[in-house]
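Only one structure is covered here, and it is reproduced in the block below.
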């Protein structure tokens, strides 16, 4: 058995949040953990459909994800979130509500995230075709004290996942 907790990956689009969180998710499932993955893009399609990209809508989206995490964690499920979640205050609201909240900041320079962009979103945002694009025309507020900082331009996803896993062990959240 394990206790429920929330592992929250935040960072710019293309920083590696989903890639790293998927590795952790697979590792937890292989260990027999009850775990759910909440990817920002998928949540927007299903739980937050109709929300736009204003600050208020983004905060509403994050708080909805946080509510789901609170429920899952309280019932012994590990919730893994991979969402840009650009505003610090919304993330901190979730931290206050969710017991055993672990924040992972996937830091990556804008030039690198833009070079990884297979959808061409950065190119469009830099050309002014996409309004409210985090890191380009909208702000991203890095966390002040995340439990883990990943520099995804300096290490591969497996190394990053190993560092996250080590932190979870140090915090006593995994012992598989």
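The values are calculated or read from the model by the stated rules, or taken from the named source; none is laboratory data. This is a predicted model, so every value here is computed, not measured. Backbone-built Cβ (ideal geometry, glycine too); neighbour counts: all protein chains shown.
The number of residues in region 126-141 that are touching a strand residue (DSSP E or B) at 6+ places or on another chain (Cβ under 9 Å) and either modelled with pLDDT of 95 or more or not in a loop (DSSP other than H, G, I, E, B) (or both) comes to 1. Among the residues of region 1-15, which ones are modelled with pLDDT under 95 and under 13 Å from residue 168 (Cβ atoms)? If the condition is that a residue be modelled with pLDDT under 95 and under 13 Å from residue 168 (Cβ atoms), then 2, 3 are the ones that fit.
Let's see how each residue does on (1) surrounded by fewer than 16 Cβ atoms within 10 Å (Cβ to Cβ); (2) modelled with pLDDT of 95 or more; (3) more than 23 Å from residue 156 (Cα to Cα):
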| residue | (1), (2), (3) |
| --- | --- |
| 17 | no, yes, no |
| 57 | yes, no, yes |
| 71 | yes, yes, yes |
| 104 | no, yes, no |
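Residues that are assigned to a loop (DSSP other than H, G, I, E, B) and in contact with a strand residue (DSSP E or B) (Cβ under 9 Å, 6 or more places away or on another chain) within region 106-121 comprise just one, 108. Residues that are in contact with a helix residue (DSSP H, G or I) (Cβ under 7 Å, 6 or more places away or on another chain), closer than 17 Å to residue 14 by Cβ and in contact (Cβ under 8 Å) with a residue 24 or more places away in the chain were ranked within region 134-176; the one that is surrounded by the fewest Cβ atoms within 10 Å (Cβ to Cβ) is 153. Only residues that are over 15 Å from the mean Cα position of the chain (by Cα) and farther than 14 Å from residue 26 by Cβ were counted in region 151-167, giving 8. The test for being buried (at least 21 other Cβ atoms within 10 Å of the Cβ), touching a helix residue (DSSP H, G or I) at 6+ places or on another chain (Cβ under 9 Å) and over 20 Å from residue 143 (Cβ atoms) holds for residue 4.
When residue 125 is tested against the conditions (1) surrounded by 17 or more Cβ atoms within 10 Å (Cβ to Cβ); (2) over 21 Å from residue 63 (Cα atoms); (3) in contact (Cβ under 8 Å) with a residue 40 or more places away in the chain, the lone failure is (3).
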